[in-house]
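Report on the structure given below.
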Amino acid sequence: MLIYLKDQQKNFPVLLETFKRVSVMPYDRTRLVEKVSEIVLTVDRNIEELNLQTLFSYKIFPENILIAFGQWEAEGRSMQAGDTIVQQVFLPPVKSFSQKLIFGVRIKEIINTSSRKGFSYETLAGHVEKGISTFTIEQTNKGLVFRIHTFSAPGNWFIRLVSPVLAIPYQTYCTQAALKNCKREIEMSL
């Protein structure tokens with residue numbers, strides 16, 4: 001984790017090269033907390049007809065919470081397993097007046113079936129959390145659903161200490177904002 005007071009977006013290419021050399025933070029999935037959050041998309045289309053650019057460009061979170069730069073962007077192609085993402089998180093969620101926390105994650109899997117599309121990533125060493133997150137659009141009995149499925153735990157002793165008071169409420173806020181943002185972006189793209 002790197003902490004700055006100034007926006008680091010112009011340094012994303014250099015940070016990407018650094019994070020590409022960082023390994024995934026070790027974790028035991030059975031010892032992590034599982035959370036599933038979802039929101040139903042109000043669209044009368046099937047999954048194949050959706051524009052999933054928001055999902056696969058990792059523009060899931062509102063820009064006042066998180067901005068990111070993916071390896072696929074730097075290399076001019078689409079997302080693939082093994083790609084690294086630089087994340088800049090704004091704390092508090094105000095771009096101009098916040099600490100900028102820089103983390104790295106790595107794409108573990110691309111999901112592309114007729115009823116489920118998305119990807120998962122694992123956190124890199126130094127991230128505030130350890131574990132895996134999966135972001136999908138799924139065809140369910142409720143209709144099309146955007147789902148965030150995580151297995152995570154605090155990445156260090158300090159986060160573990162402040163987790164009940166700061167980290168968990170902030171994570172919940174960010175997840176709800178991501179669900180609403182992705183829903184809005186996908187619905188607007190139709």
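The values are calculated or read from the model by the stated rules, or taken from the named source; none is laboratory data. The structure presented is a predicted model; accordingly, all values stated were derived computationally and were not measured. Glycine also receives a Cβ, built like all others from the backbone with ideal geometry; neighbour counts cover every protein chain displayed. Accessible surface areas use protein heavy atoms only, side chains included; no ligands, DNA or RNA. Shrake-Rupley method; radii C 1.70, N 1.55, O 1.52, S 1.80 Å.
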Problem set entry | Residue that is surrounded by the most Cβ atoms within 10 Å (Cβ to Cβ), among those in the range 115-144 that are among the aliphatic types (A, V, I, L, M) and within 17 Å of the chain's Cα centre (by Cα) | Leu124
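From the list Ile148, Ile110, pick out the single residue that is of a type in the set (A, V, I, L, M, F, W, C), at pLDDT 95 or above and either open to solvent by 50 Å² or more (accessible area, probe 1.4 Å) or in a loop (DSSP other than H, G, I, E, B) (or both). Walk me through it before giving the result.
Details: Ile148 fails: either open to solvent by 50 Å² or more (accessible area, probe 1.4 Å) or in a loop (DSSP other than H, G, I, E, B) (or both).
Only one candidate qualifies: Ile110.
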Seminar exercise, completed: Requiring at least 3 residues that are in contact with a helix residue (DSSP H, G or I) (Cβ under 8 Å, 6 or more places away or on another chain), open to solvent by less than 40 Å² (accessible area, probe 1.4 Å) and more than 21 Å from Lys183 (Cα to Cα), the strands (runs of 3 or more DSSP E) wholly within the range 1-100 are 84-91
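What is the residue count in the range 121-140 for residues that are outside any loop (DSSP other than H, G, I, E, B) and more than 19 Å from Thr172 (Cβ to Cβ)? Let's see the steps before the verdict.
Step one: filter the range 121-140 for residues outside any loop (DSSP other than H, G, I, E, B), giving 121-124, 129-140.
The next check asks that each one be more than 19 Å from Thr172 (Cβ to Cβ); those that pass are 121-122, 124, 136-140.
Counting residues in the range 121-140 that are outside any loop (DSSP other than H, G, I, E, B) and more than 19 Å from Thr172 (Cβ to Cβ) gives 8.
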For this session: Among what's in the range 151-190 and is touching a strand residue (DSSP E or B) at 6+ places or on another chain (Cβ under 8 Å), modelled with pLDDT of 90 or more and open to solvent by 20 Å² or more (accessible area, probe 1.4 Å), pick the residue that is farthest from Ile60 (Cα to Cα).
Result: Phe151
For this session: Check whether at least one residue in the range 47-70 is closer than 22 Å to Phe103 by Cα, polar (S, T, N, Q) and out of contact with any strand residue (DSSP E or B) (no Cβ under 9 Å at 6 or more places or on another chain), and report yes or no.
Result: yes
